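**Student:** I'd like to ask some things about the structure below.
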Amino acid sequence: MSAGNLRINAERLQCRLQALADIGAIDGGGCCRLALTDDDRRGRDQVVAWMRELGLQVQVDAIGNVFGLRAGLRDLPPVMSGSHIDTVRTGGRFDGNLGVLGALEVVQTLNDAGVQTERPLVVAFFTNEEGARFAPDMLGSLVYAGGLPLAQALEVRAIDGARLGDELVRIGYAGAAPIGVYQPHAFVELHVEQGPVLDAEGITIGAVEDLQGISWQELSITGQSNHAGTTPMRLRHDAGYAAAAVSHFVRGLTRDMGAGQVATVGKIDLHPNLINVIAARAKLTVDLRNTDEALLQQAEARLAEFLETLARDEGVEITSRRLARFEPVCFDAAVVQQIERVTQRLGYPQRRMTSGAGHDAQMLARICPSAMIFVPSTKGISHNPAEHTAEADIAAGGNVLLHTLLELAQQEN
Ligand code: GLV
Ligand code: MN
Ligand code: MN
């Protein structure tokens, strides 16, 4: 069979997705494999075992990123593909996992058909993409791309207090390979859209041309706890109220700034968190995103201004700690066009699109031509155990990945 007619084995890919989803499985069909936990280790061990079964040469780098190399006919910079296998606490089974297992399926398809490529292929999964346990998100790929020094990354503390470097050692993934072990020729990531666009429009493939900027901060609010019944409203310094006011403010900000601006208060901790005690302290996170850097800066500035007024009016102290800040990213035009050409040849409906979520590809884009392939998320649901992508769409995404990687791996320059 000529390489042009090759197709992935979609059933085999589904089996691997199921087997990985069984590790850290949670009610509702999703997964909890927070980065560098025991369940993450079990997931990693499984994927590494599959890499070895397929004859890949496995390397783990000093931040726990894992790479499986399939040799090429020539010793040229490899084409890399992959994603992450860590999840949020209430994660689905496709986010990240599809990109890693899809790339593995490409390797197995090539192995079975006896197809050799000019350039080596590398299947990668990166540490702590989610940022749900350690901030920032995309940490492993950020370190890989030289955007965060290794020593600093190893010192990052988890939401449970653990030190990232210690957790890497504990689960056996503080690897020996240096950071940046491969300088890829190109990077392509297959991922579920995690939003509603493809599903709503009945389109199978998204060729992702850009990705919105991300601003994460953690606010600490200090007020005064007091009796809920006896303290007159005008004498309160209520950290709980202030936290709610921030949440309310950012929703209003998005209405003001239009559909391009999104904002989320996803985590609030109150202390002492009791029914009849005014909260003395609140810790909350604010996630702001926009595809336009100037507008994202404007959103940040307006929030900062609001926090000053709020602190004054309520008599509380508010401090902010930056957890992540990434500017919007444009993917490589040539790789995006290549994905489009492959999709057209394979006959799948497609469109160009923006990624609302952060992805490892945005970090790899700093060091090599990169782009992403999206497949639909049913009803746009993600970061939720109910996350789902239809089998036919997974097969289509796998085939677009296969032929995009094949073409890239035959390129001379
Ligand atoms: C990371 O996956 C994010 O977009 O929050
Ligand atoms: Mn993801
Ligand atoms: Mn995610």
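The values are calculated or read from the model by the stated rules, or taken from the named source; none is laboratory data. Since we're looking at a predicted model, the values are computed, not measured. Every residue, glycine among them, receives a Cβ derived from its backbone with ideal geometry; neighbour counts consider all protein chains shown.
**Student:** Give me the residue from region 337-357 that is hydroxyl-bearing (S, T, Y) and within 16 Å of ligand 1 (Cβ to nearest atom) and, out of that set, surrounded by the most Cβ atoms within 10 Å (Cβ to Cβ).
**Tutor:** Among those residues, the one meeting the criterion is S355.
**Student:** Name the residue, out of I26, I85, I8, that is of a type outside the set (D, E, K, R), touching a Ser or Thr at 6+ places or on another chain (Cβ under 8 Å) and over 20 Å from A390 (Cβ atoms).
**Tutor:** Working: I85 fails: touching a Ser or Thr at 6+ places or on another chain (Cβ under 8 Å); I8 fails: over 20 Å from A390 (Cβ atoms).
Only one candidate passes the filter, namely I26.
**Student:** Of the numbered conditions (1) in a strand (DSSP E or B); (2) polar (S, T, N, Q); (3) closer than 21 Å to R251 by Cβ, T354 fails exactly one; give the number of that condition.
**Tutor:** Going through (1) in a strand (DSSP E or B); (2) polar (S, T, N, Q); (3) closer than 21 Å to R251 by Cβ one by one, T354 breaks only (3).
**Student:** Can you report the number of residues in region 366-393 which are away from ligand 2 (no atom under 15 Å from the Cβ) and among the aliphatic types (A, V, I, L, M)?
**Tutor:** 5
**Student:** Where residues in region 396-413 are among the hydrophobic types (A, V, I, L, M, F, W, C) and surrounded by 22 or more Cβ atoms within 10 Å (Cβ to Cβ), which of them is farthest from G266 (Cα to Cα)? Even if it seems obvious, please write down each step before you answer.
**Tutor:** Quick first cut of region 396-413, residues among the hydrophobic types (A, V, I, L, M, F, W, C) only: 396, 400-402, 405-406, 408-409.
Now drop any that are not surrounded by 22 or more Cβ atoms within 10 Å (Cβ to Cβ), which leaves 396, 400-402, 405, 408-409.
Working: A396: 33, V400: 34, L401: 33, L402: 36, L405: 37, L408: 39, A409: 41 Å.
Only one residue tops the list, namely A409.
**Student:** Tell me, which residue of region 119-136 that is out of contact with any strand residue (DSSP E or B) (no Cβ under 6 Å at 6 or more places or on another chain) and under 19 Å from Q46 (Cα atoms) is nearest to ligand 3 (Cβ to nearest atom)?
**Tutor:** At the first step, the residues of region 119-136 found to be out of contact with any strand residue (DSSP E or B) (no Cβ under 6 Å at 6 or more places or on another chain) are 126-134.
Now drop any that are not under 19 Å from Q46 (Cα atoms), which leaves 126-129.
Values: F126: 12, T127: 14, N128: 11, E129: 7 Å.
Checking each candidate, the answer is E129.
**Student:** If we scan region 86-109, do we find a residue that is touching a Lys or Arg at 6+ places or on another chain (Cβ under 6 Å), at pLDDT 95 or above, under 14 Å from L13 (Cβ atoms) and away from ligand 2 (no atom under 16 Å from the Cβ)?
**Tutor:** Yes, region 86-109 contains a residue that is touching a Lys or Arg at 6+ places or on another chain (Cβ under 6 Å), at pLDDT 95 or above, under 14 Å from L13 (Cβ atoms) and away from ligand 2 (no atom under 16 Å from the Cβ).
**Student:** What tally of residues in region 151-196 results from selecting those that are assigned to a helix (DSSP H, G or I) and in contact with a strand residue (DSSP E or B) (Cβ under 9 Å, 6 or more places away or on another chain)? Give the steps one after another, and end with the answer.
**Tutor:** Residues of region 151-196 that are assigned to a helix (DSSP H, G or I), as a first pass: 151-154, 164-170.
Filter once more, keeping what is in contact with a strand residue (DSSP E or B) (Cβ under 9 Å, 6 or more places away or on another chain): 154, 164.
Residues that pass the stated criteria total 2.
**Student:** Name the residues in region 382-405 that are of a type in the set (S, T, Y) and either within 16 Å of ligand 1 (Cβ to nearest atom) or under 25 Å from C32 (Cα atoms) (or both), would you? Step through it out loud before you land on a result.
**Tutor:** Filtering region 382-405 down to residues of a type in the set (S, T, Y) leaves 382, 389, 404.
Within region 382-405, S382, T389 meet the criteria.
**Student:** Taking S83 as meeting all but one of (1) of a type outside the set (D, E); (2) over 23 Å from L364 (Cβ atoms); (3) crowded, with 24+ Cβ neighbours inside 10 Å, write down the number of the exception.
**Tutor:** Every listed condition holds for S83 apart from (2).
**Student:** Shifting gears a bit: Starting from residues that are within 16 Å of ligand 1 (Cβ to nearest atom) and assigned to a loop (DSSP other than H, G, I, E, B), keep the ones in region 358-381 and report whichever is surrounded by the most Cβ atoms within 10 Å (Cβ to Cβ).
**Tutor:** Per the criteria, the residue is H359.
**Student:** Check whether at least one residue in region 394-410 is closer than 30 Å to V246 by Cα, of a type in the set (G, A, S) and either part of a strand (DSSP E or B) or not assigned by TED's automatic domain parsing to the domain that holds E218 (or both), and report yes or no.
**Tutor:** Within region 394-410, the first condition is being closer than 30 Å to V246 by Cα, and the residues that meet it are none.
No.
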